[in-house]
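*Asks:* Please see the structure below; I have some questions.
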């Protein structure tokens with residue numbers, strides 16, 4: 001499988017004088033070693049690596065500002081990198097340039113439990129953040145599965161499990177420090193919970209995938225750790241029954257914290273990978289947060305709804321270590337699925353539809369993928385109307401790649417026809433740029449392109465991603 | 001008091017041929033009558049009316065698109081109008097042009113209780129919406145007090161009571177239909193609950209005050225009507241005690257639905273206006289939503305916290321008509337305060353600070369305003385860290401206006417020094433453009449200006465508001 005040919009043509013070698021200036025400024029923190037470049041030119045997408053020409057390890061906002069200024073002076077592309085867990089080719093250096101690795105910017109800068117906020121550098125990962133604030137009694141709920149950096153999660157407008165109750169990065173970022181295209185450092189907002197002061201720059205940078213500026217610091221909302229937490233699994237005779245249970249739960253307004261679907265094939269993969277011994281039937285994983293009384297009340301309501309749809313009795317995981325085992329298995333489901341077909345990569349779909357259309361959307365998708373010669377296990381954040389189909393294909397086999405893309409296109413078309421989106425949480429990257437136009441229409445995407453041109457007139461910030469410029 | 005002189009200089013008479021074309025297209029729905037223009041050139045701010053040259057009553061998105069196209073062809077300003085309840089001079093036609101009145105676009109277009117969404121035309125008011133969806137068992141919580149249009153609430157990123165639990169317009173708008181600068185109609189998003197598909201145009205238009213496009217249709221989140229609702233009032237020996245009760249309640253994570261402060265002077269005004277007979281002491285108004293058990297649990301927790309801070313016993317309003325009387329009185333507090341000083345207008349501040357700084361911010365504000373010769377009752381959405389000081393001044397008395405503005409500037413400076421915002425929910429309009437720069441810095445405001453130029457290159461959309469262009 002090749003990276004998109006229309007964009008690799010953009011690639012020009014770095015000017016020698018630029019590289020000299022870069023090395024003079026960053027010394028050993030600038031690398032052009034092949035292994036380092038290779039590592040920074042890939043993500044979890046099925047695209048092959050497309051390395052940058054150099055990698056700079058930033059340690060401060062000032063570092064990033066100096067780098068962006070230098071890149072602007074020489075019109076060299078610059079791409080921000082966290083841990084490389086993105087899924088749509090976001091990080092591929094299709095026009096060459098410099099990758100700025102933010103993983104050394106990993107300090108929790110301020111913890112303000114009295115305001116329910118924390119401020120972190122972009123390279124802090126979500127697990128690190130939760131470890132560091134655990135003693136305060138607060139936690140940061142957004143959990144995309146991968147131990148992504150907070151900066152990366154801002155860039156893709158990530159969500160994952162827990163979003164059904166706590167929202168996505170869209171709702172949980174209060175303020176950002178951003179290095180804009182000319183190397184100017186701005187702060188998008190103060191730390192007040194709400195504001196009507198001008199255009200919502202915060203929300204504009206959340207989900208902009210490094211194409212409008214490089215986020216270096218983030219102020220986030222945090223939440224009091226719930227007094228009580230219970231997790232339960234519930235097996236169903238069909239995916240349809242599981243999804244209908246979910247829909248009824250959401251429509252009733254039960255404030256569930258997590259509601260995850262695994263189809264029978266995913267359960268099988270997870271069993272093999274994590275030795276869970278779950279019944280190989282469609283499964284919902286629930287988590288309930290609240291006071292002990294409220295958790296009991298929620299669980300009883302949902303168990304009742306599940307029974308009405310043919311669900312079995314809940315299996316409880318109330319102890320932290322049991323819960324942790326269960327959620328680790330859920331988070332490893334992606335890797336577990338990869339092992340269903342050795343040598344395969346996953347072409348992971350990410351559609352999200354209004355909850356009333358979810359049973360129909362998943363049902364038709366299962367009918368469709370059942371006819372394919374590729375395995376396509378389904379899992380997802382069904383409480384939000386979001387699910388993933390992990391289409392397993394050998395990236396070196398054009399027939400398999402074509403089939404994976406064909407299924408992907410059909411799943412996206414189906415979701416769009418149901419007033420849904422092509423991506424609930426992974427972003428556009430390289431891979432969904434055509435879908436973006438199908439979803440929003442050319443006039444809306446042209447507004448996005450105007451914003452890109454206005455904020456990045458030299459087109460050096462992760463060029464060739466999200467929107468096509470004329 | 002005069003409208004800002006720097007901008008009235010922009011005013012040019014409408015070209016006759018333009019007016020002819022306008023009248024040919026809209027017939028009787030285009031008015032140049034003085035009374036109609038006068039009505040559309042004012043809001044609830046202390047600025048004197050600054051009427052547009054003509055008013056067009058739109059009945060559809062197509063009407064608005066045709067108008068904007070015509071205005072673009074002739075480079076004539078166009079200002080959207082709902083009910084005129086904005087507070088910062090948003091609607092004043094400082095550069096002349098056409099006001100487009102959206103009040104006839106008052107249809108609820110779609111109710112999707114199964115998805116917890118509704119789609120409305122921009123001229124639907126929040127009370128109308130809740131009346132029309134009452135039978136479905138759902139409600140729309142955002143409540144800025146005034147019976148504003150949903151379009152106006154989008155434009156100012158409104159919030160008000162209930163935001164402490166349900167969020168603001170930022171969190172509750174799912175998708176918008178917008179007429180962009182050249183008269184092109186775009187839809188910013190699908191109806192999925194979350195999406196990572198490109199730049200967040202929805203959030204960019206929310207809070208843009210008609211300067212980037214004219215919002216004609218809105219898809220909103222709605223919520224199941226709570227099984228149980230209870231409201232209570234609680235009197236305190238001091239504002240400080242009331243605020244500290246609020247802070248402790250928020251920090252504990254109690255999901256209160258409303259938490260409103262009235263200082264003793266506001267209580268006095270409300271008593272006189274709404275005949276409530278409340279003790280003339282600082283007061284908190286609470287509302288609790290949830291299951292009967294959860295409402296009981298929340299109320300007990302908050303009563304306990306209040307007692308620890310010297311609060312009196314709760315007075316309950318559990319019956320709908322008692323609650324309605326209480327909240328109507330709260331919503332009329334602004335008008336009640338105006339009556340404290342006949343002939344006065346209110347210079348209403350709107351700062352919002354991180355909750356941990358709220359007691360300090362309100363405390364210093366009270367010390368400050370106590371030294372002034374102007375009355376300045378305080379009320380606010382303290383659960384969000386947001387409060388208003390209704391500084392009462394005669395707009396025709398330069399000494400009073402100067403004093404009101406002096407107090408206003410000091411309150412804003414205090415909030416900014418505490419990492420807060422100059423406006424929690426009213427917006428920038430004409431009146432806070434300098435504060436916007438103080439709050440965000442020139443580089444961030446320059447990014448906003450770039451966005452304005454990119455999306456409205458002719459500068460015809462509510463020109464002269466929010467950001468200054470060079």
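*Asks:* Let's test the formula: R0 of 51 Å, r as the Cβ-Cβ distance of residue B:24 and residue A:238. What FRET efficiency results, to the nearest 0.05? Intermediate values should be presented prior to the final figure.
*Replies:* Details: r = 61 Å, r/R0 = 1.20.
For residue B:24 and residue A:238, the calculated efficiency is 0.25.
*Asks:* Same structure again: Using Cα pairs under 8 angstrom and six or more residues apart, how large is the relative contact order of chain B, in percent?
*Replies:* 16
*Asks:* What order do you get for A:397, A:240, B:101 when you list them from fewest to most C-beta neighbours inside 10 Å?
*Replies:* A:397, A:240, B:101
*Asks:* From the label point of residue A:48, set 7 Å along Cα to the beta carbon, how far off in nm is each other copy's matching point, shortest first?
*Replies:* Label-point distances to the other copies, shortest first: 7.4 nm.
*Asks:* Oh, and also: Report the label-to-label distance for residue B:360 and residue A:296 in nanometres (one decimal), using points 7 Å from each Cα along the Cα→Cβ vector.
*Replies:* 4.2
*Asks:* Further, regarding this structure: Per-residue mean of other chain beta-carbon atoms within 10 angstrom of the beta-carbon, peptide A:438-450? All intermediate terms of the calculation are to be shown ahead of the outcome.
*Replies:* Values: counts 1, 7, 10, 4, 2, 7, 11, 5, 3, 15, 6, 2, 8.
What the average comes to for A:438-450 is 6.
*Asks:* If a/c stays under 1.5 just call it rounded; otherwise compare a/b with b/c (prolate if a/b is bigger, oblate if not). Do that for segment B:110-161, with a ≥ b ≥ c from the square roots of the Cα gyration tensor eigenvalues. Walk me through the numbers before you get to the answer.
*Replies:* Details: a/c = 1.86, a/b = 1.62, b/c = 1.15.
Prolate.
*Asks:* In whole angstrom, and with the biggest value first, how far do the Cα coordinates of chain B range along each principal axis?
*Replies:* For chain B, the Cα spread along each principal axis is 69, 56, 42 Å.
*Asks:* If one computes the Cα centroid of segment A:224-243 and of segment A:80-121, what distance in Å separates the two points?
*Replies:* Using only Cα atoms to place each centre, the spacing works out to 31 Å.
*Asks:* Same structure, new question: Could you give me the radius of gyration and the Dmax of segment A:227-427, taking only the C-alpha atoms into account and expressing both in angstrom?
*Replies:* Using the Cα atoms of segment A:227-427, the pair Rg, Dmax is 16.6, 55 Å.
*Asks:* Starting from 0.36 nm per residue, how many nanometres of slack lie between residue A:16 and residue A:182 once their C-alpha separation is accounted for?
*Replies:* Here the segment from residue A:16 to residue A:182 would lengthen by 57.6 nm.
*Asks:* For A:350-360, what's the mean count of beta carbons from other chains sitting within 10 Å of each residue's beta carbon?
*Replies:* If you average over the peptide's residues, the count of other-chain Cβ atoms is 4.
*Asks:* To the nearest 10 degrees, how steeply does helix A:16-26 sit against the main Cα axis of chain A, on a 0 to 90 scale?
*Replies:* 70
*Asks:* Across every pair of different alpha-carbon atoms, what Kirkwood hydrodynamic radius in Å does segment B:341-434 reach?
*Replies:* After inverting the pairwise mean of 1/r, the radius is 13.2 Å.
*Asks:* Helix A:264-274 sits at what angle to the longest principal axis of chain A, using alpha carbons and giving 0 to 90 degrees rounded to 10?
*Replies:* 70
*Asks:* What nm distance separates the two modelled labels at residue A:307 and residue A:434, each placed 7 Å from Cα along Cα→Cβ?
*Replies:* Distance between the two pseudo-spin positions: 5.0 nm.
*Asks:* Additional query: Which semi-axes, in whole Å and largest first, does the equivalent ellipsoid of segment A:206-271 have when worked out from the alpha carbon gyration tensor as the square roots of 5 times its eigenvalues?
*Replies:* Sorted largest first and rounded, they come to 32, 20, 14 Å.
*Asks:* Between residue A:75 and residue B:271, with labels modelled 7 Å along Cα→Cβ, what's the label distance in nm to one decimal, could you check?
*Replies:* Roughly 7.3 nm, to one decimal.
*Asks:* At 222 nm, what value in deg cm²/dmol follows for the protein assembly as shown if DSSP H runs of at least 4 each add -39500 (n - 2.57) and the sum is divided by all its residues, to the nearest 500?
*Replies:* Here the helix-only value at 222 nm equals -11000 deg cm²/dmol.
*Asks:* Given label points at 7 Å from Cα along Cα→Cβ, what nm distances, shortest first, separate residue B:469 from the same residue in every other copy?
*Replies:* The projected label point of residue B:469 is separated from its counterparts by 2.1 nm.
*Asks:* A further question follows. Report the FRET efficiency, 1/(1 + (r/R0)^6), for residue A:341 and residue A:134, where r is their Cβ-Cβ distance and R0 is 41 Å, rounded to 0.05. Before the final figure, lay out the partial values.
*Replies:* Working: r = 38 Å, r/R0 = 0.93.
With R0 = 41 Å, the Cβ-Cβ based efficiency is 0.60.
*Asks:* Taking each label point as 7 Å beyond Cα in the direction of the beta carbon, state the distances from residue A:23 to the same residue in the other copies, shortest first, in nm.
*Replies:* With the label placed 7 Å along Cα→Cβ, residue A:23 yields 7.6 nm.
*Asks:* When the Kirkwood radius is taken over all Cα pairs of segment B:228-335, what Stokes-Einstein diffusion coefficient follows at 20 °C and 1.002 mPa s, in µm²/s? Walk me through the numbers on the way to the answer.
*Replies:* Values: Rh = 13.8 Å.
In µm²/s, the coefficient is 156.
*Asks:* In percent, what relative contact order does segment B:247-333 have, based on Cα pairs under 8 Å that are 6 or more apart in sequence?
*Replies:* Relative contact order here is 31 percent.
*Asks:* Using the Kirkwood radius over C-alpha pairs as Rh, can you work out the diffusion coefficient of the protein assembly as shown via Stokes-Einstein at 10 °C, viscosity 1.306 mPa s, in µm² per second?
*Replies:* 55
*Asks:* Calculate the mean, over all residues of peptide A:241-250, of how many other protein chain Cβ atoms lie within 10 angstrom of the residue's Cβ.
*Replies:* Average per residue, whole number: 1.
*Asks:* Using the alpha-carbon atoms, what tilt in degrees (0 to 90, nearest 10) does helix B:398-417 show relative to the longest principal axis of chain B?
*Replies:* So the helix axis and the longest Cα principal axis differ by about 70 degrees.
*Asks:* What is the distance in Å between the Cα centres of segment B:297-343 and segment B:417-470?
*Replies:* 35
*Asks:* Here is a further query. When a footprinting reagent is the concern and you count Cβ atoms within 10 Å, what order do A:187, B:409 take, fewest first?
*Replies:* Taking fewest neighbouring Cβ atoms as first place, the list is B:409, A:187.
Each value in this text was obtained by applying a stated rule to the coordinates, not by laboratory testing. Everything numeric in this text was worked out from a predicted model, so none of it was measured. Positions of Cβ are backbone-derived with ideal geometry, glycine not excepted, and every protein chain shown enters the neighbour counts.
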